[in-house]
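**Student:** Would you mind keeping the following structure in view while I ask a few things?
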Amino acid sequence: MTTARSPRRAGWRLLGATIRPQRTGIIIGVVAGLVWTAAKVTIPTLTRLAIDRGVIADEPGALARWSVAMLAVGLVSAACTGTRRYLAFGIAHRAETELRRRLFAHLQRLHFAFHDRAQTGQLMSRAATDLQQIQGFVVLIPITVSNAMTVLAVAVILTLTNPGLALLALGALPLVNVAAKRFSSRIHPVSLELQQELAGVSTVVEETVTGIRVVKGFGAEPIQAARMGERTVRVYERAMRAARIRAGFMPVLDFLPALGLVAVLWYGGHQVLDGRLTIGELVAFNTYVLMLIWPLRMTGMLIAQAQRAVAAAQRVNEILSTEPEIVDRPDARPLPAGGGEVRFEGVRFGYVAGAARPVLDNLDLVIKPGEAVALVGPTGCGKTTVARLIPRFYDVDDGQVLLDGVDVRHLKLQELRHAVGIVFEDTFLFGDSVRANIAFADPEASQARVESAARLAGGHEFIERLPKGYNTLLGERGFSLSGGQRQRIALARAILADPRVLILDDATSSVDPTKEHEIRGAMAEVMAGRTTIVIAHRPATIALADRVILLDEGRIIAEGTHDQLLAENERYRQVLAQAAEQDAA
Amino acid sequence: MAWMRGAAVSEEDKLTREQARHVIRRAFSMLRPYKWEVVGAFAVMLGSTAAILSGPALVRYGIDRGVRKHSGGAIDRAAIGYLVVAVLALVLSRAQILLVTRLGEKFLRDLRLRVFDHIQSMSMAFFDKEQTGKLVARMTSDIDSLQELVQQGLVQFVTNTLLIVLSVVVLVAMSPMLALLCMISLPIVIVASVRFQRSSNEAYLAVRDRIGQTLSTLQEGLSGVRVIQAFGREEVQERRFTQENQAQLDAQMRAVKISARYFPVIELASVATTAAIVGLGGVLVHRDAVTVGTLAAFVLYLTNLFEPIQQLSQLFNLVQQAGAALAKLFGLLDTRSTLPERVGAVDLPAHGDIEATGVAFSYDGVTPVLAGVDLRVAPGERVALVGPTGAGKSTLAKLLSRLYDPTEGAIAFAGVDLRDATLRSLRERIVVVPQEGYLFNGTILDNVRIGRKGATDDEVIDALRMIGVEERFRAFAEGLQTEVRERGSRLSAGERQLVSLARAALANPEVLVLDEATSSLDPGTEADVEGAMNALMEGRTVLVIAHRLSTAERADRVVVVDAGGIAEVGTHEELLAREGRYAALYASWSGGLAAAS
């Protein structure tokens, strides 16, 4: 039981912690709500007084007096309803905003291994749907307090006026609350299912439109239409199921208060005849019963909403309580001056803890300051892993990785990452200008520096030709570049950072071989005096390196210059030939 | 409550009166098959609204005839009447929800199927022009906003409107003078509601925009997290996100402010009107112009009148949004396909040659992609198309399968112009296998079945066996029933390619147009794909867009496409001997290989 309950409690704790900084707003909101309640419940009483004293008894000045009083109370209630609404939504939106900020900041700091496992879509739904559920709960807090008070006040007033009638009028109303809660919790899963079916429809549409050449090529339109037909039927069924639930509850929610009104009319009418109740009181009873419908409905909804909010908070909390694994140690050291010597000592590493065969096994490797080394090997040999251990994206299972003589785990992470520049195989560019993308490491960089980095990466010419040159926006809503162009911008981004160690992980694989030739001269300039690790398979690129290391199954199986290996090593020739056949395509 | 989330429609999407009329007319014409259901639903709504409205009237009867006249019987009658009306309302509003939703959902189901069929019937040129996202949005967010209206707002919208209109009628009928008195706050309410509707629409649009931006920044922060960490830029990204986040909050608070200003106005108007009715109405009672019961009924009616007004002002945005969505959908349905089947189209003969005569083509009507292409491929012949990227090879392949029609010239199969053929027979004779194996959600069997509608499991398995990959897929834990997941992500690129080839095998066409994959596969799969392709090509007319030297070498004839025309035709050996473009291409290919080995 404790295991099931403690994450739930953690969810509540998170909710509490989120709204605590806003207690002033909550208190004012609740107070405004209470004043509103007081004003609200006074109005039917004033109506009663106006009817009994003014209309029926015709006391002089009574009509005017009570009407004006109603108007005055109306002003108060109007002012309070505005204040309460403003504060309630304000608190809820602020809580949501703050949680979203925390979530983002935390996700930014979580280790690579977390992001390898997590699905972006899942994380996005934490930030969108779950936070909305929490918001939807927080917004109800002030109104719930005043609703509860309304119910209490009305019950007291009616009981004081006429206990018997009060019992008859209000007797059925608690059922409204029960029905509302049951309705809310029954409709919720069905509407989720409906949402899912709708998502299913969009999947069919999406894949049909993107795969339209296949669909048309095989004349498979009827097959897709049939799938669509199935989907729409399922949507229809879910929608009707939701409608049946609504049809089952909503009219009942209206019917129960109506029973109270029948009681008031019948029993109350007879009481008036007997002189035990005034006409004004009869009308007031009527209005009071009507006044309770909404508060009772909303309280039911609140309970259901609270359950969803806690479940959502639980999921959000799961992320927030995941500790980042790659962080500065308490005694983290600054990076000493050095030429960028990289050393692997007996390194063992696997992405999955306890996997039968680690990706790297007892790897020893020394790359001298300023040296350019090419890592070559078939897919899955571990070359990308070598590259990713140097900037400490992952921690080794055994052995150590050292930069200029210091274990990377002992270095300040920020300094390490600034000292090691990496260009990934799959290029990620931000939805920002070309300039901002290149100057990512240093947004203050001068235009001259940006351009020189772009030149070295062989990107300056094509960037100049873009519609707005360096100010051209990239990404989803901006200009879309070819794979080779994207890689060159990523390369410029790493060059501008001016790292001590530069790692190019298949960074020019999409660049047209004829164009790569243009970059090569400039690359030599970038690599001069800088420790560089190149993962590549094109002979021309490999030739840039001083030394070639052939990796296979997580071990070094040969090393030497390109020409040496080409002449002496059969496996090396195999690996390159395979890559070339693929590249020629 | 959808309207609490805030629906909104942008200025450019707003319909003019003329457009709105057109959309409504068209929507009603789509509802014609359900004519009687529409009438029934409306009658039920009218009935349930009337039932709700008769409550206060019965209270009036009870007070005037019962209490004032000291008649217990009248009170009993009023109470029984009230009970009957309440039960009636219970039954009718139940029926109302079911009828209106059923009608709306049927309408949406028809609309979905029609739009989808229509999209599928469009020509390739249409898909080149339209962005995928936009088409998908028609079928998703646009129809979903209609769904939202049907599920959440339609009943409320209609009944609230009825309630307001009928209330006014009843009030005027009961006492024109008091009814007139009720109208004193009406101008303020109307002005405030219209202003609220407009400004809240604007505010919600801004909120929607901001939410979109926050989410896309978030998405970027997640997909780019590795780059961000590699450059140690976490804090900068966080600052950037915080700004977006704050901007979203600001937009939301503006929307809150607008509603926090509007709601008090309605509440005050409601109380003020009640005060006026009681105060001035009281004077009228003294003058015997109205009865106490009427006064009480008015007070009760007023309690019910302002709530619907408030809801309507919010529902209006939802209705406008749905109207805009519907207009866009009708717009899509009005776009005609440029590749329709001709009237009197004939089935293609079972066998024959394929011949292009004087074919020219341009995607945009300005820049020619192909010009003056003449090519005849004999039955059973294997032809390789080679040439640089953008030379027009793929375009030629698309024309051969009539994904497009040539701008000039003609393509014929067995002497029949493809434009005169039925689309069904065309798809049976000529099949294109695209470069990447494109898979749909579903099992491996489902995906192969795309090749021929209604194929039995055995036929599908035969197709897999024919290209020699049955065992490979059977070896999966769930075998041929393995769900391939989104875009076939469960399978490797090579396996997807194999499924795509099996599809072609199932289709069993006379002519096969193969676009060879350029992406690299692992050596094992590479061999399987190669074997599958060879098995598939056996005994068919084949046009292959070759990216591999070996493929060109093995073809009966090589066609070099360059700059939109056929540059050279001949066997591999002939062309090598000619020392033209093919020879040059061959040299650069084998040169690349030689350099590596």
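**Student:** Looking at segment B:130-187, what helices (runs of 4 or more DSSP H) fall wholly within it and have at least 3 residues that are in contact (Cβ under 8 Å) with a residue 60 or more places away in the chain and of a type outside the set (Gly, Ala, Ser)?
**Tutor:** Helices (runs of 4 or more DSSP H) meeting the threshold: B:143-148, B:154-174, B:176-182.
**Student:** Are any residues in segment B:105-121 farther than 21 Å from B:Gly331 by Cβ and either facing chain A (nearest Cβ under 7 Å) or buried (at least 21 other Cβ atoms within 10 Å of the Cβ) (or both), and if so, which ones?
**Tutor:** Within segment B:105-121, B:Glu105 is the sole residue that qualifies.
**Student:** Provide a single number: the residues in segment A:369-408 that are touching an Asp or Glu at 6+ places or on another chain (Cβ under 6 Å) and at pLDDT 90 or above.
**Tutor:** 7
**Student:** Of the numbered conditions (1) more than 9 Å from chain B (Cβ to nearest Cβ); (2) in contact with an Asp or Glu (Cβ under 7 Å, 6 or more places away or on another chain); (3) of a type outside the set (D, E, K, R); (4) farther than 23 Å from B:Val271 by Cα, A:Gln108 satisfies every one except a single condition; which is it?
**Tutor:** Just one mismatch for A:Gln108, condition (1).
**Student:** Starting from residues that are free of Cβ contacts under 8 Å to residues at least 40 places away in the same chain and within 14 Å of chain B (Cβ to nearest Cβ), keep the ones in segment A:421-461 and report whichever is surrounded by the fewest Cβ atoms within 10 Å (Cβ to Cβ).
**Tutor:** Top of the filtered list is A:Glu444.
**Student:** Ok, one more. Identify all residues within segment B:383-396 that are surrounded by fewer than 20 Cβ atoms within 10 Å (Cβ to Cβ) and either modelled with pLDDT of 90 or more or of a type outside the set (Val, Ile, Thr) (or both); write none if there are none.
**Tutor:** B:Pro388, B:Gly390, B:Ser394
**Student:** Mind listing whichever residues of segment B:462-503 are away from chain A (no Cβ under 12 Å), part of a loop (DSSP other than H, G, I, E, B) and either within 20 Å of B:Pro434 (Cβ to Cβ) or out of contact with any Ser or Thr (no Cβ under 7 Å at 6 or more places or on another chain) (or both)?
**Tutor:** Hits for segment B:462-503 are B:Ile467, B:Gly468, B:Val469, B:Ala475, B:Ala477, B:Glu478, B:Arg490, B:Leu491.
**Student:** Moving on. Considering only segment A:532-551, state which residues are in contact with a strand residue (DSSP E or B) (Cβ under 9 Å, 6 or more places away or on another chain) and of a type in the set (D, E, K, R).
**Tutor:** A:Asp546, A:Arg547 - these are the residues of segment A:532-551 that are in contact with a strand residue (DSSP E or B) (Cβ under 9 Å, 6 or more places away or on another chain) and of a type in the set (D, E, K, R).
**Student:** A follow-up question, please. Only one residue in B:Gly380, B:Gly372, B:Gly352 is modelled with pLDDT of 85 or more and either crowded, with 19+ Cβ neighbours inside 10 Å or not in a loop (DSSP other than H, G, I, E, B) (or both), so which one is that?
**Tutor:** Just one listed residue meets the conditions, B:Gly372.
**Student:** Scan segment A:101-156 for residues that are closer than 30 Å to A:Ala353 by Cα and among the β-branched types (Val, Ile, Thr) and jot them down.
**Tutor:** If the condition is that a residue be closer than 30 Å to A:Ala353 by Cα and among the β-branched types (Val, Ile, Thr), then A:Thr120 is the only one that fits.
**Student:** Which ones in segment A:326-369 are touching a strand residue (DSSP E or B) at 6+ places or on another chain (Cβ under 9 Å), of a type in the set (A, V, I, L, M, F, W, C) and not in a strand (DSSP E or B)?
**Tutor:** Result: A:Ala332, A:Leu335, A:Val359.
**Student:** Considering only residues of segment A:252-293 that are more than 7 Å from chain B (Cβ to nearest Cβ) and of a type in the set (Asp, Glu), which is farthest from A:Ala38 (Cα to Cα)?
**Tutor:** The extreme case among them is A:Asp274.
**Student:** Continuing with this model, one more query. Quick check on my filter: what residues within segment A:55-71 are assigned to a helix (DSSP H, G or I) and more than 9 Å from every other protein chain (Cβ to nearest Cβ)?
**Tutor:** Matches in segment A:55-71: A:Arg65 only.
**Student:** Which residues, taken from segment B:552-582, are acidic (Asp, Glu) and over 45 Å from the mean Cα position of the chain (by Cα)?
**Tutor:** Within segment B:552-582, B:Glu553, B:Asp556, B:Glu568, B:Glu573, B:Glu574, B:Glu579 meet the criteria.
**Student:** Go through segment B:64-76 and count every residue that is in a helix (DSSP H, G or I) and within 8 Å of chain A (Cβ to nearest Cβ).
**Tutor:** 5
**Student:** For segment A:370-397, what are the residues that are assigned to a loop (DSSP other than H, G, I, E, B), within 33 Å of the chain's Cα centre (by Cα) and either surrounded by fewer than 18 Cβ atoms within 10 Å (Cβ to Cβ) or of a type outside the set (Phe, Trp, Tyr) (or both)?
**Tutor:** Matches in segment A:370-397: A:Gly380, A:Gly382, A:Ile390, A:Pro391, A:Arg392, A:Asp395, A:Val396, A:Asp397.
**Student:** Would you check which residues across segment B:1-50 are at pLDDT 90 or above and among the aliphatic types (A, V, I, L, M) and list them?
**Tutor:** Scanning segment B:1-50 gives B:Val38, B:Val39, B:Ala41, B:Ala43, B:Val44, B:Met45, B:Leu46, B:Ala50.
**Student:** Would you mention how many residues in segment B:420-456 are under 24 Å from B:Met533 (Cβ atoms) and either polar (S, T, N, Q) or assigned to a helix (DSSP H, G or I) (or both)?
**Tutor:** Of the residues in that region, 12 qualify.
**Student:** Here is a follow-up. Got a number for residues in segment A:211-238 being modelled with pLDDT under 90 and among the small types (Gly, Ala, Ser)?
**Tutor:** 4
**Student:** Still on this structure, I have one more. Looking for whichever is hydroxyl-bearing (Ser, Thr, Tyr) and either under 23 Å from A:Ile91 (Cβ atoms) or surrounded by fewer than 21 Cβ atoms within 10 Å (Cβ to Cβ) (or both) here; the options are B:Thr273, B:Thr291. Which one fits?
**Tutor:** Unique residue meeting the criteria: B:Thr291.
**Student:** If you don't mind, another one. Any residue in segment B:77-88 that is more than 7 Å from chain A (Cβ to nearest Cβ) sitting within a Cβ distance under 6 Å of a residue that is buried (at least 18 other Cβ atoms within 10 Å of the Cβ) and not in a helix (DSSP H, G or I)? List the pairs, counting only those 6 or more apart or interchain.
**Tutor:** none
**Student:** Follow-up. Only one of (1) modelled with pLDDT of 90 or more; (2) under 31 Å from the mean Cα position of the chain (by Cα) fails for A:Met298. Which number is that?
**Tutor:** (1)
**Student:** Name, by its number, the condition in (1) without any contact (Cβ under 8 Å) to a residue 40 or more places away in the chain; (2) more than 20 Å from A:Gln224 (Cβ to Cβ) that does not hold for B:Gly468.
**Tutor:** Tallying (1) without any contact (Cβ under 8 Å) to a residue 40 or more places away in the chain; (2) more than 20 Å from A:Gln224 (Cβ to Cβ), B:Gly468 fails exactly one: (1).
**Student:** Another question about this same structure. Look at A:Arg244 and say whether it is farther than 30 Å from A:Thr208 by Cα, within 8 Å of chain B (Cβ to nearest Cβ), basic (Lys, Arg) and surrounded by fewer than 21 Cβ atoms within 10 Å (Cβ to Cβ).
**Tutor:** Yes: the conditions hold for A:Arg244.
**Student:** Would you mind finding the one in A:Leu256, A:Leu277 that is over 30 Å from B:Ile430 (Cα atoms), touching a residue at least 12 places away in the same chain (Cβ under 8 Å) and not in a helix (DSSP H, G or I)?
**Tutor:** A:Leu277
**Student:** Go through B:Val265, B:Val278, B:Val236 for me and flag whichever is at the interface with another protein chain (Cβ under 7 Å from one of its Cβ atoms) and assigned to a helix (DSSP H, G or I).
**Tutor:** B:Val278 is the lone residue from the list that is at the interface with another protein chain (Cβ under 7 Å from one of its Cβ atoms) and assigned to a helix (DSSP H, G or I).
**Student:** Quick check: is even one residue across segment B:236-244 modelled with pLDDT of 90 or more, closer than 21 Å to A:Leu99 by Cβ and of a type in the set (S, T, N, Q)?
**Tutor:** Yes - at least one qualifying residue is present in segment B:236-244.
**Student:** Return the pair list, or none, for Cβ contacts closer than 6 Å from residues in segment A:205-227 that are at the interface with another protein chain (Cβ under 7 Å from one of its Cβ atoms) and in contact (Cβ under 8 Å) with a residue 40 or more places away in the chain to residues that are in a helix (DSSP H, G or I) and among the charged types (D, E, K, R), at least 6 apart or on different chains.
**Tutor:** Cβ pairs passing all conditions: none.
The values are calculated or read from the model by the stated rules, or taken from the named source; none is laboratory data. Just so it is clear, the model here is predicted, and its values are computed rather than measured. Cβ sites come from the backbone with ideal geometry, for glycine too, and all protein chains shown count toward neighbours.
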